[in-house]
Amino acid sequence: MPASSSPFLRRAMLYVPASSQRMLTKSLGLTVDTVIYDLEDSVNAEVKAEARDALYQHLRRLPAKPPHVSEIAVRVNNARSPFIEKDLKLAASSFVVDTVIVPKVSNIGDLREVSHILKNLENKHFKDAREKPLRVMAMIESARAIMNLSSIVRGPRLNGLIFAAEDFALDLSLTRTPDMSEFLYARSALVTAARVESIPSLIDLACTSYKEKDGLDQLEKECQNGRAMGFNGKQCIHPSQVNMVQRYFTPSEKELEWAVRVNIADEKAAAEKRGAWGLDGRVIDRPVAARAKAIVGRAEKCGLDVDGLREKWKDQEPE
Ligand code: COA
Ligand code: MG
């Protein structure tokens, strides 16, 4: 059965190519929710074995996760590739790795295959090495995957879905535009299907520009758009993108203040058996109150000062 919760925020998930020693080293000093060490498409086919070996050595030297990284993930090659067993063995053998990212998932069979291999590895070799079984996140990057979403979301160990724009555009012969309207159907289908099974992490496409003001402007636009569509994080390809992404996928001050006020007033309204009530001239009913509760929960996970705001607004009454 898929997991319906995650201890990880996954606001920004930064790819670090395993073939670059410079970037592997750099990753240790970064502050980011998730580092994804990549064995797939940022690594040239001819140096796959070398990159896997470099990543093995890198992980082996880590006594623990770096201080400002919450989750370590490994993006393996796809489930039908000749590299899959070795890639998964590397991920499962390291006690600092939390999650495996499986690219080019096209049906639930791909996830079953990965889970089957992981189970054998965990049983045979790594019984004592890991506290928890590895979580799995699936990358959705083809027409077939979109058509199979309703079964993919029931995949074993599934803890998140990631939309990958470049391969998707290639598969459908799409032309990328700055407003991303060409991906609207697929991104919306992904979020909708994931909600059916309460998949906790929905991660939006990577912004390909990472330099100068134009790059950051595009990133900001994408963050706003992704949040509004229901994604709760975004892939990053360069450290310069991480701060903005994490900021946009954290509740803003204004949003949190509103949510805390709704929470406090809603408790009072509930005590008076009132279903719908008003705040600042707007109606607050069940779904709005539930959304406010979710925002407060997310803010707590992000380490924001919710208690301080509760104290500030303790006298808030439902109108
Ligand atoms: N992870 C860790 N460190 C990174 C990084 C990354 N993804 N991207 C850049 N850096 C580091 C560089 O090593 C450099 O640090 P250093 O000078 O201390 O060595 C610093 O950040 C600045 O890098 P910069 O010169 O701006 O970029 P670059 O030219 O070295 O690299 C890319 C640019 C796009 C090639 C690189 O960011 C990259 O490979 N990104 C990942 C791409 C990827 O994984 N794609 C597949 C998933 S969609
Ligand atoms: Mg891809």
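Based on the Cβ-Cβ distance of Glu131 and Lys301, what FRET efficiency does E = 1/(1 + (r/R0)^6) give at R0 = 25 Å, to the nearest 0.05? Present the calculation step by step, with values, prior to reporting the outcome.
Numbers: r = 21 Å, r/R0 = 0.83.
FRET efficiency, Glu131 to Lys301: 0.75.
Given the peptides 168-178, 309-319, 47-57, 9-19, arrange them by the average over their residues of other C-beta atoms within 10 Å, most packed first. Before the final figure, lay out the partial values.
Values: 168-178: 12.5, 309-319: 14.0, 47-57: 16.9, 9-19: 24.7.
Going from most to least packed, we get 9-19, 47-57, 309-319, 168-178.
For the chain, what is the calculated [θ] at 222 nm in deg cm²/dmol (nearest 500), taking -39500 (n - 2.57) for each run of four or more DSSP H residues and dividing by its residue count? Kindly include the intermediate steps, with their values, before the conclusion.
Working: 13 runs with 143 residues, N = 319.
That comes out to -13500 deg cm²/dmol.
Excluding Lys65 itself, calculate the net charge of residues whose Cβ lies under 9 Å from the Cβ of Lys65, where each Lys or Arg counts +1 and each Asp or Glu counts -1. Before the final figure, lay out each step's value.
Numbers: positive: none; negative: Glu71, Asp98.
Neighbourhood net charge equals -2.
Taking all pairs of distinct Cα atoms, average 1/r, flip it, and tell me the Kirkwood hydrodynamic radius of the chain in Å to one decimal place. Mind dumping the intermediate values first?
Working: mean 1/r = 0.0480 Å⁻¹.
In the chain this quantity evaluates to 20.8 Å.
Considering the zone a paramagnetic label at Ala228 would reach in this model (a point 7 Å from Cα along the Cα-to-Cβ line), which residues of region 162-186 have amide N under 13 Å from it?
179-181
Among the listed pairs Lys48/Lys124; Lys65/Lys293; Lys124/Lys234; Lys86/Lys221, which are separated by more than 29 Å between their Cα atoms?
Numbers: Lys48/Lys124 25 Å; Lys65/Lys293 31 Å; Lys124/Lys234 35 Å; Lys86/Lys221 39 Å.
Over 29 Å Cα-Cα: Lys65/Lys293; Lys124/Lys234; Lys86/Lys221.
In whole angstrom, note down how far apart the Cα centers of region 221-298 and region 99-155 are.
With region 221-298 and region 99-155 each reduced to a Cα centre, they are spaced 31 Å.
Decide, for region 139-284, between rounded, prolate and oblate: order the square roots of the alpha carbon gyration tensor eigenvalues as a ≥ b ≥ c, take rounded if a/c falls under 1.5, and otherwise choose prolate if a/b is larger than b/c, else oblate. Each step should come with its number before you reach the end.
Details: a/c = 2.49, a/b = 1.51, b/c = 1.65.
Oblate is the answer for region 139-284, as a/c is 1.5 or above yet b/c matches or exceeds a/b.
Could you please report the charge total around Val306, scoring K, R as +1 and D, E as -1 over all other residues with beta-carbon less than 13 angstrom from its beta-carbon? If you can, show how the numbers build up before the last one.
Working: positive: Arg261, Lys293, Arg298, Lys301, Arg310, Lys312, Lys314; negative: Glu253, Glu255, Glu257, Glu300, Asp305, Asp307, Glu311.
Residues near Val306 contribute 0 overall.
For an R0 of 41 angstrom, estimate the FRET efficiency from the Cβ-Cβ distance between Val283 and Asp214 and round to the nearest 0.05. Let's see the in-between values first.
Working: r = 41 Å, r/R0 = 1.00.
Here the calculated transfer efficiency is 0.50.
List, largest first, the extents of the alpha carbons of region 14-81 along their principal axes, each in whole Å.
Sorted largest first, the three principal extents are 33, 19, 17 Å.
Just need the Rg to Rh number for region 68-197, please, alpha carbons only, Kirkwood Rh.
Details: Rg = 15.5 Å, Rh = 15.4 Å.
For region 68-197, the value is 1.00.
Considering the alpha-carbon set of region 253-312 alone, what are its Rg and its Dmax in angstrom?
Reported Rg and Dmax, both Å: 11.3, 32.
Coordinate-derived values only; no laboratory data. What you see is a predicted model, and the numbers here were worked out from it, not measured in a lab. So basically every Cβ, Gly included, is an ideal-geometry build from the backbone, and we count neighbours across all protein chains shown.
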